[in-house]
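See structure below.
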Amino acid sequence: MRDVNNGDRPILAIDKLSTAIGGNAVVDGVSLTVGAGEVVALVGESGCGKSLTALSVMGLLPAAARVSAGRILLLGEDLLGYSEKEMLAVRGKSVSMVFQEPVASLDPLMRVGEQVAESLIVHGEASKSGARERAVEMLSRVGIPDARTRARQYPAELSGGMCQRVMIACALIARPKLLIADEPTTALDVTIQAQILTLMKTLRQEIDTAILLITHDMGVVADIADRVCVMYAGRIVETGCVDAIFERPSHPYTRLLLSTIPKLNGVRKTRLRSIEGSVPDISDWPEGCRFRSRCPLAQDDCGQVPPDFPVDGDANHTAACWHMDRLGEMA
Amino acid sequence: MSEARQPLLRVEDLRVHFPIRGGWRGGRVATVKAVDGITLEVGAGETVALVGESGCGKSTAGNAILGLVKATSGRIFFDGTDILAQKPDRQQALRRDMQVIFQDPVSALNPKLTVGRCIAEPLTIAGYDRKEKERRVDELLELVGLLPVHKNRYPNEMSGGQRQRVVIARALALSPKLIVCDEPVSALDVSIRSQIINLLMRLQEELGLSYLFIAHDLSVVRHIADRVIVIYLGTIAEEGPTDAVFEHPTHPYTEALLAAIPLPDPRSQRVKPPFALEGDPPSPANPPKGCPFLTRCPIHMEDCATIRPVLADTGWNTKAACLVRFKAAYG
Amino acid sequence: MSVSVDTIVPARRRRQSFTGITGVLPFVAIFVIFVLFAIFAPWIAPQDPNTQNLFGRLKPPGTTARNVFYLLGTDNLGRDLLSRLIYGARISLSVAVLSVCLSGITGTVLGMAAGLARGWTEIVIMRLVEIVLSVPAVLLAIIMVAVLGPGFTNVVLVLALTRWPRYARVAFGQALSVANMPYVRLARFMGAGTFRILFVHILPNIVGAITVVATLEFGLMVLFEASLSFLGLGVQPPTPSWGAMLSTGRAYVATAWWIAAFPGACLFFLVLSVNLIGDFLRDRLDPKSR
C-alpha cells in the first residue's frame with residue numbers, strides 16, 4: 001500500500017472531465033489521479049462511462065464522442081491540447097492500453113514478436129533487430145514459454161490467455177509511465193485471470209508503471225488495486241483506498257454493490273441483497289444524485305448534486321452522498 | 001434429494017464428439033471430444049451446477065441433454081424414460097418438461113416480436129387458444145416480476161435484467177420440471193445479477209423446479225447449487241454436495257479453481273497464497289493420454305501420464321478423479 | 001411477489017433520426033407523381049394515346065393542330081406524346097411492381113429455405129442461383145422472350161425468372177445468420193415448425209434487407225422493360241411503352257428530337273428517384289448500419 005500523493009506530482013490527473021456523445025454527457029465531471037506506481041481501479045457497471053473515461057485519456061474516442069470540458073494532465077502536460085501527431089508520440093510510450101478482447105486487439109496477420117516490437121520501432125527507441133531482441137525478452141517476461149519460437153507465431157496460433165500476455169508485452173515494452181487496462185481479464189477464464197493478475201502485479205513493480213484499471217469485478221479490484229473510484233451513471237460517487245472502500249463503503253451504491261455479491265463464506269441459498277431496478281438510460285438520468293431512482297435512502301434533497309464529502313474526516317476517502325449518516329438504516 | 005426415488009434426470013456416460021474437417025477433400029482430420037463420458041443426476045427440486053472453464057464441455061453437455069446437439073453415445077433418462085432411445089417426435093414431447101435459459105438475453109429474444117408474443121410462443125406452438133394464452137402470459141409476467149404493460153413492448157425497449165426476466169417467463173410457460181440455465185447471469189450487470197439469482201431461487205421454491213446450472217462463477221454456484229460437478233476437458237474432475245466440494249476440494253483442479261477466484265475482500269486477498277496453476281487447458285482435440293489435467297497439474301506423478309483416473313470416494317461425501325490423491329486405492 | 005422498480009422506468013426511446021430525409025423528399029415527390037400518372041392515366045391524359053392524327057404528325061411541343069393542343073408534340077403517327085408518356089408510366093411501373101414482387105417472393109422464400117434447411121436443399125437452390133446469375137441478364141431475357149413470345153405477362157414472367165437469384169442470395173445470407181441466433185434455435189427446441197420459424201422468426205428479421213434489394217431492383221426493372229420494348233420484345237404496339245417510344249424516336253432524332261427525348265427523360269427521373277429512395281432506405285433498414 002502506497003501513500004497517495006506524497007508530495008510528488010501524480011502521473012495522471014483527470015480534472016472535471018466531461019465527454020459527450022451526441023449532447024449527452026456520458027462522462028460528467030470525473031476527477032481522479034493516479035500516482036506513481038499506483039494501481040487505481042475505476043469500477044462501475046456497463047454504460048457508466050468508465051471505458052469512455054479511459055478512451056478520453058488515450059485520445060481514442062469513437063467518432064461520435066468528444067471531450068466537452070475538463071483537463072487530462074499526464075505528467076503535468078494537458079493532453080487535450082495535443083494534436084493527433086503529438087498524441088501518437090504519447091501513446092505507447094508514456095501511456096499504453098490493454099483491451100478486453102485480446103484476440104481482437106492483435107493484428108491477425110502480423111507475427112506477435114513484431115507487434116510487440118512495433119512500439120519501440122515507431123518511437124525510434126531501437127533498431128529493428130534490437131527491438132526484436134527486446135520483444136523476445138519482453139515476451140518471456142510476461143510468462144510466455146519458449147518466447148523465441150512464439151515470437152514468430154501469429155495470434156491465431158495462441159490461446160486467449162497467451163494473447164492477453166502478448167498484449168501486455170506490447171503495452172509495457174516501452175516502459176510507459178501509465179498503463180490503462182480496460183477489463184483486461186473479463187474475457188478470460190478464472191484460472192487464466194488469476195495468472196494475468198499475478199503477472200500485472202509483478203510487472204508493475206519491475207517496470208514501475210502506474211495502472212488505471214477499468215473493471216466491473218470487485219474481486220479483481222480487491223486483488224490488485226491500491227485505490228478505487230466507484231463510478232455510477234457518468235460520475236464518480238465514491239473514492240478511497242481499497243481497504244476503506246471494502247470495509248467502510250460510504251456511498252449507498254458502493255455499499256449495495258458489495259452486498260449483492262454472493263460471498264464464499266456467506267450463508268447459502270439465502271435471498272441476496274439486490275439493487276432494485278436497473279441503471280437508468282443515459283437519456284433519462286435523474287437530476288441531482290443519479291443513484292436517487294434506486295437508492296433506499298433517497299429523499300427530496302437528493303435532487304441537488306452532492307459534493308464529495310470526506311468519510312470519517314479522511315480526505316482521501318470521499319463519497320458523494322447527502323445521507324451518509326443514515327447508512328445504518330440500510331442494514 | 002431423496003435417494004430412494006428415481007432422479008428427474010439421469011445422464012449416463014454422455015459423450016459428444018465433433019469431427020474436425022479439413023484438407024481439400026473436407027475429410028475428418030481429428031475429433032474434438034467436447035464431452036467425454038459424463039454421468040450425472042438431477043433430483044426433483046434440486047440444483048446441480050456444472051462448473052469449469054470455457055471449452056470444458058459444460059455447455060455442450062447441457063445442449064446434448066436438451067437435444068440441441070446430437071449425443072455421440074450415452075443415455076439420458078428423463079422422468080424415467082430413456083430419451084435418446086425414442087423416436088424424434090416422442091423425444092420432442094418428452095423434452096417439453098425441459099427448458100433452457102441462455103446467457104445472452106438479447107439474442108435469445110426475437111427483436112421483431114413483442115414481449116407478450118415472445119412469452120406466448122411455447123403456448124402457441126403447443127396449441128393453446130387465445131384466451132388461455134393471454135391468461136397464462138399475464139400469470140407469467142407477474143411470476144417473474146414484470147408488469148402487464150410490458151406485454152406490448154419490444155425487447156430492445158427493455159433493460160438487460162428485464163429481458164432476462166422475459167426469457168425466464170418464456171421458459172416457464174409450459175410449467176417445465178427442469179430448466180437448464182446456461183450462464184444465466186454472466187451477461188448481466190453486477191447490480192442486476194443478484195435480482196435474477198433471487199428470482200431463480202424463488203421460482204424454484206414456488207414451483208419445485210430442478211435446475212441444471214451451468215456456470216463459471218463459483219461464488220454464484222456456491223450460493224445457489226445443492227451439488228457441484230467440476231468439469232475439465234469433457235470429463236468430471238470432482239463432484240459432490242456444494243459445501244463439501246468448497247470446503248474440502250480434493251482434485252487439484254478444484255483447488256486451483258477455488259484459489260483463482262479473487263475475493264471481494266482486499267485483506268484476505270493479500271494473505272492468499274499466490275496462484276500456482278500454469279498454462280492453458282489443452283485442446284479437446286488432443287487431450288493428454290492419461291489424466292486430462294496432467295499438463296497443468298502441480299502435483300502429478302509418473303503414472304498420471306498413462307492411467308486415466310476414475311471417480312473415487314474422497315471420504316468427504318464427494319468423488320474425485322485423481323491418481324495422486326488416491327495412491328492407495330490404485331495400488 | 002416483487003415487482004421490480006425497473007418496471008416503472010420509462011421505456012427506452014426508440015432510435016429516431018431523420019437525417020437526410022429532406023434530401024430525398026424531392027425524389028419521393030417525383031416518384032409519387034409518376035405513380036399518380038400511372039394510376040389515373042385515363043383521367044389525366046388529355047388525349048387517347050392511340051388516336052392517330054395523320055395531319056398532325058411530328059409536330060413539335062406546344063403546337064395546335066386541328067384544334068388539339070399538343071403540349072409535348074406528336075410522334076410519327078400524330079399521337080399525343082404527353083398522353084403516351086402518361087400511359088407509358090402505367091406499363092413501366094406495373095411491369096416493375098409485378099416483376100419485383102414475383103421475383104422478390106420467389107427469391108426470398110427459396111433463399112430462406114436454403115439458409116434454414118442447409119444440406120441438399122441449399123446446394124440445389126444456391127447452385128441454381130449461381131447459374132442464373134452467371135448468364136447475362138439481358139441475354140437471358142431476350143432468349144426467354146424469343147421462346148415465350150412478347151407481351152405484358154411474358155415480360156413480367158421473364159423479368160421475375162431472371163432476377164429472383166438476387167433476392168435469393170441476400171435472403172440466404174441473412175437467413176443463415178438469423179437461423180444461428182439463439183432465439184431461432186430456442187424456437188426449434190420448443191417444437192416450432194419450419195413454417196413458423198421461416199415466417200415468424202426469420203422473415204421479419206430479414207425483410208429490411210430484402211426491401212433494400214427490391215428498391216434497387218425496381219429501378220433496374222424499369223430499365224429492363226424499356227430495353228426489351230426498345231428491342232421490340234416487350235409490350236407490343238400500339239400499347240405505349242417508354243422503351244418502344246425511344247425506339248421509334250431513334251429514327252427521327254435529327255428531325256423530331258422530342259419523340260426520343262421525353263421518354264428518355266422520364267426513364268431517367270423515375271429510375272434516379274427510385275434509386276435514391278432505395279439508398280435512403282438502405283441507410284435506415286439495413287441491419288448492419290443499425
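Please treat every number below as a calculation from the coordinates, not as lab data. Remember, predicted model here, so these are calculated numbers, not experimental data. Ideal geometry is used to build each Cβ from the backbone, glycine not excepted, and the neighbour counts take in all protein chains shown.
Just to be sure I understand the model, the point goes 7 Å from the Cα along the line to the Cβ. What's the resulting A:S283 to A:T186 distance in nm?
2.3 nm
Running a GNM on chain B with Cα contacts under 10 Å, which residue among B:V106, B:V221, B:V190 ends up with the highest mean-square fluctuation?
Greatest mean-square fluctuation among the candidates belongs to B:V190.
Could you go through the range A:88-101 in sequence order and give the Karplus-derived ³J(HN,Hα) for each residue, using 6.51 cos²θ - 1.76 cosθ + 1.60 with θ = phi - 60°, rounded to whole Hz, and x for Gly and Pro?
For the range A:88-101, the Karplus curve yields 4, 6, 7, 4, x, 9, 9, 10, 9, 9, 10, 9, 5, 9 Hz.
With a Förster radius of 56 Å, plug the Cβ-Cβ distance of B:A126 and B:W316 into 1/(1 + (r/R0)^6) and report the FRET value to the nearest 0.05.
Calculated transfer efficiency: 0.80.
Would you grab the residues whose amide H sits under 5 Å from the one on B:K177? Only those 5+ places off in sequence or on another chain, please, with H modelled 1.01 Å from N.
So B:K177 has HN proximity to B:M98.
With contacts defined as alpha carbon pairs under 8 Å and 6 or more residues apart, what's the relative contact order of chain A in percent?
It rounds to 19 percent for chain A.
For chain C, which DSSP H helices look membrane-span-like by this rule: Cα extent along the axis of 30 Å or more and mean Kyte-Doolittle of at least -1.0?
Those that clear 30 Å and a mean of -1.0 are C:81-117, C:152-179, C:203-230, C:258-285.
Report the FRET efficiency, 1/(1 + (r/R0)^6), for A:S140 and A:R175, where r is their Cβ-Cβ distance and R0 is 22 Å, rounded to 0.05.
About 0.85, to the nearest 0.05.
Assuming R0 = 51 Å, can you tell me the calculated FRET efficiency for the pair C:E130 and A:V122, based on Cβ-Cβ distance, to the nearest 0.05?
Numbers: r = 46 Å, r/R0 = 0.90.
E(calc), rounded to 0.05, equals 0.65.
Skipping prolines and chain starts, which residues have an amide H placed within reach, meaning under 5 Å, of the one on B:T31, given they are 5 or more residues away or on another chain?
When sequence neighbours closer than 5 places are left aside, the close amide H contacts are B:I20.
May I ask for the distance between the Cα centers of the range C:172-243 and the range A:84-153, given as a whole number of Å?
The range C:172-243 and the range A:84-153 have Cα centres separated by 48 Å.
Once you place label points 7 Å from the Cα toward the Cβ at A:S68 and B:K87, how far apart are they in nm?
About 6.6 nm, to one decimal.
Evaluate the charge dipole of the protein assembly as shown about its Cα centre and quote only its size in Debye, nearest 20, assuming +1 on the Cβ of each Lys and Arg and -1 on the Cβ of each Asp and Glu.
My answer is approximately 3020 debye.
Where in the range B:146-182 does the label zone of B:Q6 land, with the point 7 angstrom along Cα→C-beta and an amide N cut-off under 19 Å?
Counting backbone N atoms under 19 Å from the label point, the list is B:177-179.
Please list, in order along the range B:209-219, the HN-Hα scalar couplings obtained from phi with the Karplus expression 6.51 cos²θ - 1.76 cosθ + 1.60 (θ = phi - 60°), rounded to whole Hz, x for Gly and Pro.
6, 10, 10, 9, 9, 9, 7, 10, 8, 5, 6
Nearest 10 degrees is fine. How inclined is helix B:160-172 to the longest principal axis of chain B, computing both from alpha carbons?
80 degrees
Going by amide H atoms built from the backbone, whose H comes under 5 Å of the H on A:F309, apart from near neighbours?
A:A319, A:A320, A:C321
Once you keep just the Cα pairs under 8 angstrom separated by 6 or more residues, what percentage relative contact order results for chain B? Don't skip to the end; give the middle numbers.
Values: 599 pairs, mean separation 63.1, N = 331.
With pairs under 8 Å counted, the relative contact order is 19 percent.
For the range B:75-88, what does the Karplus curve 6.51 cos²θ - 1.76 cosθ + 1.60, with θ = phi - 60°, yield as ³J(HN,Hα) per residue in whole Hz, taken in order and with x for Gly and Pro?
10, 10, 9, 10, 6, x, 9, 6, 4, 5, 7, 8, 6, x
Using a Gaussian network model of chain A whose springs link C-alpha atoms within less than 10 Å, name the residue from A:Q115, A:Q164, A:Q299 with the highest mean-square fluctuation.
Comparing A:Q115, A:Q164, A:Q299 in a Gaussian network model of chain A, the most mobile one is A:Q299.
Any idea what the alpha-carbon Rg over 2.2 N^0.38 Å comes to for the range B:251-331?
Values: Rg = 14.6 Å, N = 81, 2.2 N^0.38 = 11.7 Å.
With N residues counted in the range B:251-331, Rg over 2.2 N^0.38 Å equals 1.25.
If the elastic network links every pair of Cα atoms under 10 Å, which of A:L264, A:L75, A:L109 fluctuates the most in the Gaussian network model of chain A?
Top of the fluctuation ranking is A:L264.
Relative contact order for chain C using alpha-carbon pairs under 8 Å, separation at least 6, rounded to a whole percent?
22 percent
What is the gain in length, in nm to one decimal, between A:S46 and A:R248 on full extension, counting 0.36 nm per residue of separation less the C-alpha to C-alpha distance?
Length difference between fully extended and current span is 70.3 nm.
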